[in-house]
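Asker: Supplied in structure tokens, the structure appears directly below.
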Amino acid sequence: MRSIRPTFTESDFRKATVSQPNQSCVEIARRSGWAEVRDSKTAFGAANDHRIALADPEPFLTAVRADRFGRRGSSS
């Protein structure tokens, strides 16, 4: 059974290592087998601070690392 989804605070998020300043940047927070991904250019807690919550983040993170979404190095 999966643990209860944690509540992440602003200090829990770190910028993704492949992010570049002023481009398509994301932040990720991880705890207790959960992860949330958010846009680093959006103010934390703002109405448009939409996040992706993942109960099992490893398949998603593996796909990102492998550039399966075709976005690495792209500024659009």
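The values are calculated or read from the model by the stated rules, or taken from the named source; none is laboratory data. Remember, it's a predicted structure, so these values are computed and weren't measured experimentally. Virtual Cβ from ideal backbone geometry, glycine too; neighbours counted across all protein chains shown.
Asker: Please tell me if R2 is modelled with pLDDT under 85, assigned to a loop (DSSP other than H, G, I, E, B) and surrounded by 12 or more Cβ atoms within 10 Å (Cβ to Cβ).
Answerer: On the way: modelled with pLDDT under 85: yes; assigned to a loop (DSSP other than H, G, I, E, B): yes; surrounded by 12 or more Cβ atoms within 10 Å (Cβ to Cβ): no.
Criteria not met by R2.
Asker: Please specify each residue of segment 9-43 satisfying the condition of being surrounded by fewer than 16 Cβ atoms within 10 Å (Cβ to Cβ), β-branched (V, I, T) and modelled with pLDDT of 90 or more.
Answerer: T9, T42
Asker: Tell me which residues, restricted to segment 44-76, are more than 14 Å from the chain's Cα centre (by Cα) and modelled with pLDDT of 90 or more.
Answerer: Result: G45, A46, A47, N48.
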